[in-house]
Amino acid sequence: MKEEGKDLPFYSAGKREGLLILFSAVLFTSSVFEEVRILFIAPVLLFLFLILGRLFGFRSLFYLNIPLFVLSFINIFPYAKNLWPGTLILALLFYFLFYKRIKTDGLLGWWRRGEFSSSVLGFSVLFILAASLALVLWFYLLSPDISDIKDNFPKGELWVLISAGIGFAILNAIAEEFLFRGILFESFLSANISIRLSWILQAISFGILHLHGFPRGWIGVGLACIYGLMTGWIRILSKGIVYPIAVHFFADITIATIVLFFAT
């Protein structure tokens with residue numbers, strides 16, 4: 001993977017800020033584990049990093065920890081998982097309250113449509129097909145209990161189910177890509193982490209946070225990590241966020257279809 005032409009943000013963090021950015025990502029990712037969640041470790045330390053970022057002018061650290069802190073704080077409450085992706089959308093709204101400052105500080109390099117090319121199209125189609133097949137096989141071969149996810153979707157006539165599925169796919173794809181392929185990826189790059197390692201780190205975080213999602217369990221984590229690499233690769237190729245969202249949308253449509261029409 002070449003370093004030339006990568007969409008580096010204008011802001012460049014120092015070593016101390018870079019380490020705190022990495023630690024923030026680790027803390028946020030670890031909040032998926034019940035042992036960490038019930039001790040309130042993640043929101044407390046992420047709030048501390050938020051304050052440190054503000055006090056010492058660590059701008060990338062400060063902006064990153066806005067959505068991470070809000071989301072980890074909300075997730076303290078057991079019922080929060082039933083509100084996804086609403087909780088993530090709320091966290092992102094707090095982030096975008098600082099939109100003008102983030103843009104001025106050069107940390108919105110991800111906030112663009114991106115460039116279309118035959119490579120972007122080819123990989124997008126390949127990843128859409130591969131992800132949909134993997135999700136279907138995971139569901140039918142492992143027969144996972146996803147009743148908690150199904151309970152979060154509305155019940156009713158066909159048009160209600162279809163509307164709910166499409167709405168979920170749109171909102172979840174946008175929100176997750178904004179956080180992982182957008183904000184988190186950009187924060188790693190701003191910490192002078194290579195694009196290759198940033199690509200891997202955001203995928204690992206994305207994967208682990210699917211431990212209780214769809215797909216779930218450690219096999220689900222592995223599949224989600226691979227998928228994070230896929231959409232991250234589209235982000236790198238296109239130099240924007242729209243095409244990763246489009247690819248993600250089709251995976252979420254597959255998930256919604258399984259949950260609404262095939263899960264019991």
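The values are calculated or read from the model by the stated rules, or taken from the named source; none is laboratory data. On a predicted model such as this, the values are computed, not experimentally measured, just so you know. We place every Cβ from the backbone using ideal geometry, glycine too, and count neighbours over all the protein chains shown.
Within the span defined as the range 168-191, one or more residues are surrounded by fewer than 18 Cβ atoms within 10 Å (Cβ to Cβ), modelled with pLDDT of 95 or more and closer than 30 Å to PHE94 by Cβ. Residue selection: ASN152 fails the criterion of being farther than 26 Å from LEU20 by Cα, polar (S, T, N, Q), out of contact with any strand residue (DSSP E or B) (no Cβ under 6 Å at 6 or more places or on another chain) and buried (at least 20 other Cβ atoms within 10 Å of the Cβ). When the range 14-69 is filtered for residues that are touching a helix residue (DSSP H, G or I) at 6+ places or on another chain (Cβ under 9 Å), among the charged types (D, E, K, R) and farther than 30 Å from PHE214 by Cβ, the ones remaining, listed by number, are ARG16, GLU17, ARG54, ARG59.
Taken over the range 223-258, the criterion of being small (Gly, Ala, Ser), in contact with a Pro (Cβ under 9 Å, 6 or more places away or on another chain) and either over 20 Å from TRP84 (Cβ atoms) or modelled with pLDDT under 95 (or both) is satisfied by GLY232, SER238.
Taking GLY122, is it part of a loop (DSSP other than H, G, I, E, B) and either out of contact with any strand residue (DSSP E or B) (no Cβ under 9 Å at 6 or more places or on another chain) or at pLDDT below 95 (or both)? Criteria not met by GLY122. Evaluate the following for PHE262: is it buried (at least 23 other Cβ atoms within 10 Å of the Cβ) and in contact with a Phe, Trp or Tyr (Cβ under 9 Å, 6 or more places away or on another chain)? In short, no.
Applying the criterion of being in a loop (DSSP other than H, G, I, E, B) and among the hydrophobic types (A, V, I, L, M, F, W, C) to the residues of the range 10-67, the residue that is nearest to the chain's Cα centre (by Cα) is VAL32.
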